[in-house]
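Input: a single structure, listed below in structure tokens.
The values are calculated or read from the model by the stated rules, or taken from the named source; none is laboratory data. Predicted model only: the values in this text are computed from it and were never measured. Cβ placement follows ideal geometry from the backbone for every residue including glycine, while neighbour counts extend to all protein chains displayed.
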Amino acid sequence: MSWFLSWISGAILYAAPILFPTLGEVMEQRTGMVNLGLEGLMLLGASVSFAVSYLTNNAWLGVLAAAGVGLLANMVYAWLVVKRNAHQLATGLALMFFGIGISALIGKPYVGQMAPTLPKYAVLGPTSLIFRYDLLVYLAFFLVPVVWFLLFRTRFGLRLRAVGESPAIAYAAGVSPEFMRFFVAALAGVLAAVGGAHLAVGITGTWSEGMTAGRGFIAVALVIFSRWNPLRAVLGALVFGGAVVLQLQLQARGIGVSAFILDMIPYVLTLLVLLIWGRGVRYVAPASLGRVYFGTERG
Amino acid sequence: MKRVVTVLAALLVGGIVLAGEPCLTVGMIIGGPKDDAGYNQAQYEALMTLKEKMPCVEILFAENVPEGEAEAVLESMIQQGAKLLFPAGFGYMFPALNLAKRYPDVIFMHPGGYMLADNFGTYFSNVQFAYYLLGVAAGLMTKTGKIGFIGGMPIAFVLGNCNAFHLGARAVNPNVTTYFVVTGAWVDRAKEVAATQALLQQGCDVIGSHLDSPIAVAQTVEAAGAFFVGYPSLAVQKFCPNAWVTGLGLTWGDFFADIAQQVLDGTWKPAHIRKGVEAGFITLGEFGPRVPEEVKKIVLEYKEKLISGELQPFAGPIRDQEGNIRIKEGEVWGPMDMGKFDWLVEGIVGSPK
């Protein structure tokens, strides 16, 4: 039983940094934008948060700075995609490589340095090793119903989704697709960067080059897995977090499982979802996803 | 414009002449950052010690070099006049060997490699033998009787370190169980933290590791109030001031200077050079504030026995996890046998695959 509890505890912790970018990507794709740059945004958030935490001695300032930088960086993506009609996949990949490079540059002086980390609060009393999280973990799970409510229970969410289905019709109904996409990109930039920051100043307390180790891509996979629904995305994130922890815990108990096989779980799940719900996925995917919207003639 | 260029060129040449010809140009590439408080820092610090001891040497250095680009970077160093190269990452062995064939007058020294050529030698510390000392310390410090070991990849040298850690602990505390976990990467900080937490939750109260840089492990152990033994650089101590028991640092500075001198004198010969604590190739660190005097004394006694050769960590009979005898009675494994481990010693929980 204690084994099960420590597994769940670990799954929740490692779900959090991936939940942030996933929620952002769900919203972005709901407005018709595929953003493959999440990995770059996360790395940017991780390096900036660690650098600022080191310089100011305050981990929360680090998270705040990461959020700001993530917002700005994703604005570049949104501007290219929305204003310059650039190809979304190409732009996203460019953003990713930009993020990998610039984060290495920003993080360079802070390799092998110590910086303050976010304080942890235990659910089960102060001495417990399990269920002991920083506030970002609680925030990640709190944001799930919030994003769901925003998307599916508010007028704003309806407009947002309308842009994703058909920007032209949304425009005719008085919604500005451009504004919606910029707004959502800003949110997604903040979320992805905070996810990266959580890895740096929340979980590990270090910066190392490429430390997100593909989590940005797992987030993109989880969006498809969740079929663009934040509630199902939680499940995916927990499965991913659980797989990471389970593999290590099994080893610590003398049960050998290949680390490489368990690392594939999120992708295998996504493939299975596509395989089983293939038609359904096409049906629920936002209709304008990935398409360039050239604007509607204004009268 | 032309005149400006001429003047600049003259200044440049003048600058070089004023600085004097270097007696030898030495190049090094490493796979990670030079201040990782780990393996790469150990290599870099050795290079800096060489420079300190031989100020006439010119240093060429590049960090974060991917294996695919190693050959090009090393070749550019040769074109800048390097006569001694340290391709200081295990994965650089074949790129460096290729170059060694094309540049017979340049000498290569590779860490941990198993190939030799006329101008290609290898070096490494007898880490496994020294790791036995960390095991002794862990066996004396543990209260739960459970100690943990985190490896990057399940390769022979990692398994050997875990085996030595366990054998050392068992020597002073026959009830110790060692828990072995592999992360699947030399650097993956998030997984290293998860692995540490898994071991701590399992009840392990002393943690050792074989990773590029155990910074994240050290900090996690520190936060949990348990104990930590460091490797491969002593620089990691500052991340866990209270958890620190002791550690091992790879210290090759004096050796690098010797090699450079041999290259200058023309006496260098290709060889597999493997030395340990006795030759200063690996150094036992200072003890942490929570380590009792008695523990320090016993660990240092074992260190003396290791140096004198009285202690042979891998002397048979040694059994594996299934109870099969792997090192027979009377058989002793030496430094060049360390690549043979594909098994874990009896009493270790975990998989060697």
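What the table below lists for this structure:
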read-out: Near pairs, Cβ below 6 angstrom, 6+ apart or cross-chain, from the range B:183-196 (facing chain A (nearest Cβ under 7 Å)) to any residue that is among the hydroxyl-bearing types (S, T, Y) and not in a loop (DSSP other than H, G, I, E, B); value: B:R189/A:T204; B:A190/A:T204; B:V193/A:T204; B:V193/B:T220
read-out: Flag if A:I261 is surrounded by fewer than 19 Cβ atoms within 10 Å (Cβ to Cβ) and either more than 10 Å from every other protein chain (Cβ to nearest Cβ) or assigned to a helix (DSSP H, G or I) (or both); value: yes
read-out: Residue that is nearest to the chain's Cα centre (by Cα) [pool: residues in the range B:327-353 that are more than 10 Å from chain A (Cβ to nearest Cβ) and small (G, A, S)]; value: B:G339
read-out: Members of the range A:196-254 that are among the basic types (K, R) and over 19 Å from A:L275 (Cβ atoms); value: A:R215, A:R253
read-out: Sole residue being away from chain B (no Cβ under 14 Å) and not in a helix (DSSP H, G or I), chosen from A:V52, A:V81, A:V34; value: A:V34
read-out: Tally, over the range A:207-222, of residues that are aromatic (F, W, Y) and either at pLDDT below 90 or crowded, with 22+ Cβ neighbours inside 10 Å (or both); value: 1
read-out: Residue, nearest to the other protein chains (Cβ to nearest Cβ), within the range B:202-220, restricted to residues that are crowded, with 24+ Cβ neighbours inside 10 Å and over 11 Å from B:E192 (Cβ atoms); value: B:C204
read-out: Enumeration of residues in the range A:72-112 that are under 18 Å from the mean Cα position of the chain (by Cα), surrounded by 17 or more Cβ atoms within 10 Å (Cβ to Cβ) and either of a type in the set (D, E) or closer than 17 Å to A:T31 by Cα (or both); value: A:N74, A:Y77, A:A78, A:Q88, A:T91, A:G92
read-out: Enumeration of residues in the range B:236-249 that are over 20 Å from the mean Cα position of the chain (by Cα) and either free of Cβ contacts under 8 Å to residues at least 12 places away in the same chain or away from every other protein chain (no Cβ under 13 Å) (or both); value: B:N242, B:A243
read-out: Selected residue (only one of B:L306, B:L311, B:L300 is assigned to a loop (DSSP other than H, G, I, E, B) and aliphatic (A, V, I, L, M)); value: B:L311
read-out: Positions within the range A:210-247 being facing chain B (nearest Cβ under 9 Å) and free of Cβ contacts under 8 Å to residues at least 60 places away in the same chain, in sequence order; value: A:A213, A:Q247
read-out: Residue in the range B:168-180 that is part of a helix (DSSP H, G or I), crowded, with 24+ Cβ neighbours inside 10 Å and more than 13 Å from every other protein chain (Cβ to nearest Cβ) present; value: yes
read-out: Those residues of the range B:147-166 which are more than 14 Å from every other protein chain (Cβ to nearest Cβ), of a type in the set (A, V, I, L, M) and surrounded by fewer than 24 Cβ atoms within 10 Å (Cβ to Cβ), in sequence order; value: B:A156
read-out: Residue match in the range B:49-56 (condition: modelled with pLDDT under 95, touching an Asp or Glu at 6+ places or on another chain (Cβ under 6 Å) and not β-branched (V, I, T)); value: no
read-out: Residue in the range B:287-294 that is in contact with a helix residue (DSSP H, G or I) (Cβ under 8 Å, 6 or more places away or on another chain), closer than 30 Å to A:Q247 by Cα and not hydroxyl-bearing (S, T, Y) present; value: no
read-out: Of residues in the range B:221-235 being surrounded by fewer than 24 Cβ atoms within 10 Å (Cβ to Cβ) and not in a loop (DSSP other than H, G, I, E, B), the one farthest from the other protein chains (Cβ to nearest Cβ); value: B:L234
read-out: Failed item in (1) in a helix (DSSP H, G or I); (2) within 12 Å of chain B (Cβ to nearest Cβ); (3) touching a Leu at 6+ places or on another chain (Cβ under 7 Å), with A:V184 passing the rest; value: (2)
read-out: Condition met for B:A96 (small (G, A, S), at pLDDT below 90 and buried (at least 20 other Cβ atoms within 10 Å of the Cβ)); value: no
read-out: Selected residue (criterion: farthest from the chain's Cα centre (by Cα)) from residues of the range B:48-70 that are in a helix (DSSP H, G or I) and closer than 16 Å to B:L85 by Cβ; value: B:E69
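Residues checked against (1) more than 20 Å from A:L19 (Cα to Cα); (2) within 12 Å of another protein chain (Cβ to nearest Cβ):
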position	(1), (2)
A:F97	yes, no
A:G107	yes, yes
A:Y110	yes, yes
A:M114	yes, yes
A:T117	no, yes
A:L124	yes, no
A:F131	no, yes
A:D134	no, yes
A:A140	no, no
